[in-house]
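Shown next, in structure tokens, is the structure this report addresses.
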Amino acid sequence: MLRNLPILLGIFVVMALSNAVVPVLPDFAEGAALQGVVYSAYFLGAFVTVLPAGIASDRIGSVPLIRTGLLLTLASGILILLFPSGLPLLVFRVVEGIGAGLFLSAALAWANSQPSAGQLSGYVMAALNLGLVVGLLATGWLDAAFDNHLAGIALFTVLAVPAAAMSFVVRESERTGFAKADFTAIVRNYFWLFAAAVVLVGMTGAVAAVYPEYTGNDSSVLALQLATINIATIVAVLVAPRINFRPVPTIRAASLLMAAAVLAGYVTPYAFPAIGALSGVIIVAVLAFLAETRVQQGVMTGIFNTASYAGFTFLSTLAGLVAGLFGFLAAFLLLAGMSAAIALTIGRCRCEYSG
């Protein structure tokens, strides 16, 4: 476990810093549309980075990208503290996303290439969601205590210093027995699997992007409500690897349940744990399947991360725009409809492992 600690600490800090804007989004921008842009700017940077980072992990190794990603995370936190509004804020949120994309793809490729890939990837995803939870809760509490919406960002920027320093003790994993990735064949065979990840994994980000403006609750209350999504995901990614989930039937059932949970989320935040748990089950099912293929995991996890961040980026922006133009009910109905549609499209995936 000690050899995994730098990776787990790194993913925790990266995610905590990324989520430190969520409970205080109204302090960064006015209106649901602009808040959706501030929120999704980070995911845009990650979206354009995770696939090249995955490919590079297979070619030059994961460790250089892990270190670079953490250094960019540290730099972006400092710059957001110095320039917390307007166009500079959006630019540095994109830079923050680039750092996160480099780190996450490299870290997942590193974990999914280990002998105990399923369990270790579960730990990585648990640390990721723990970071999201702590980012929400700490920011909400610090904002209420000090009346400063930048306090959470300052805290996690400071924590990025030891995380970046510890990355220099990480060593490459041995990648024997993995076939060379054929990018075209992977996309052709698993397109609908990755399309499902766009919607079902990205759904948690879309709900988090519109909910603060929808309710207008105090930042500390919002932090607690939204944190239940990630807490439920943590439980799911730690428990689910013990169960042999096959991707197609799992995603079909989860998409219908997710649609119901999103609709319920319009009425009550008590639906949020269901959204988080379903997302966690889908993440575990997909990552376990990708590891089983024994294809180079940098490319495989890079495509998965690209799909996930595409969902966070575009679903968050779309939900914010729809909420601003047509109201919050329309946004929740749209998200639920997109989730339900996955139950139909996932059947077209060639997601059977042939050995």
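With a 1.4 Å probe and all protein chains kept in place, how much accessible area does Tyr211 have, in Å² rounded to the nearest 10?
10
I need the calculated FRET efficiency for the pair Ala330 and Glu172, taking r as the beta carbon distance and R₀ as 45 Å, to the nearest 0.05. Walk me through the intermediate numbers first.
Numbers: r = 49 Å, r/R0 = 1.08.
Using R0 = 45 Å, I get an efficiency of 0.40.
Give me the net charge for the shell around Leu51: Cβ to Cβ below 14 angstrom, other residues only, Lys and Arg +1, Asp and Glu -1.
0
May I ask for the Kirkwood hydrodynamic radius of the stretch 214-289, worked out over all distinct Cα pairs and given in angstroms to one decimal?
12.9
Would you kindly find the accessible area of Leu325, with a 1.4 Å probe and non-protein molecules such as ligands, DNA and RNA excluded, rounding to the nearest 10 Å²?
Only protein atoms counted, so the area is about 130 Å².
Calculate, for the chain, the solvent-accessible area per residue in square angstrom, rolling a 1.4 angstrom probe over the heavy atoms of the protein chains.
Counting only protein heavy atoms, the per-residue value for the chain is 38 Å².
State, as an integer percentage, the relative contact order of the chain based on alpha-carbon contacts under 8 Å between residues 6 or more apart. If you can, show how the numbers build up before the last one.
Values: 687 pairs, mean separation 101.6, N = 355.
Result for the chain is 29 percent.
As a test of reading the structure, rank Tyr214, Tyr42 by solvent-accessible area (1.4 Å probe, protein chains only), most first. Provide the component values of the computation, followed by the final result.
Working: Tyr214 70, Tyr42 0 Å².
Largest accessible area first, the residues go Tyr214, Tyr42.
Where nothing but the Cβ of Lys and Arg (+1) and of Asp and Glu (-1) is charged, how large is the charge dipole of the chain around its Cα centre, in debye to the nearest 20?
Roughly 1100 debye for the chain.
In nm, what is the difference between 0.36 nm times the number of residues separating Val239 and Ala33 and their Cα-Cα distance?
70.5 nm
Hey, if we sort Asp143, Asp218 by accessible area with the 1.4 Å probe, largest down, what's the order?
Asp218, Asp143
Given a 1.4 Å probe and every protein chain left where it sits, what share in percent of the accessible area of the stretch 101-237 is carbon and sulfur?
On the way: 3350 of 5110 Å².
Answer for the stretch 101-237: carbon and sulfur cover 66 percent of the accessible area.
Of the residues Ile66, Ile186, Ile243, which exhibits the maximal mean-square fluctuation in a Gaussian network model of the chain defined by a 10 Å Cα contact cut-off?
Ile243
Modelled label-to-label distance, Arg188 and Val221, 7 Å Cα→beta-carbon offset: nm?
Spacing of the two 7 Å Cα→Cβ label points: 5.5 nm.
Could you tell me which label, among [x] 19.7; [y] 23.1; [z] 21.4, carries the value of Kirkwood radius over Cα pairs in Å calculated for this structure?
Entry [x].
Roll a 1.4 Å probe over the protein heavy atoms and report the accessible area of Asp182 in Å², nearest 10.
Rounded to the nearest 10, the figure is 90 Å².
Within the stretch 69-88, whose backbone N sits under 18 Å from a point 7 Å along Cα→Cβ of Asn148?
Correct set: 77-85.
The values are calculated or read from the model by the stated rules, or taken from the named source; none is laboratory data. In this text, all values refer to a predicted model and were calculated from it rather than measured experimentally. Note: ideal-geometry Cβ built from the backbone for every residue, glycine included; neighbour counts use all protein chains shown. With ligands, DNA and RNA removed, areas are computed over all heavy atoms of the protein, side chains included. Shrake-Rupley method; radii C 1.70, N 1.55, O 1.52, S 1.80 Å.
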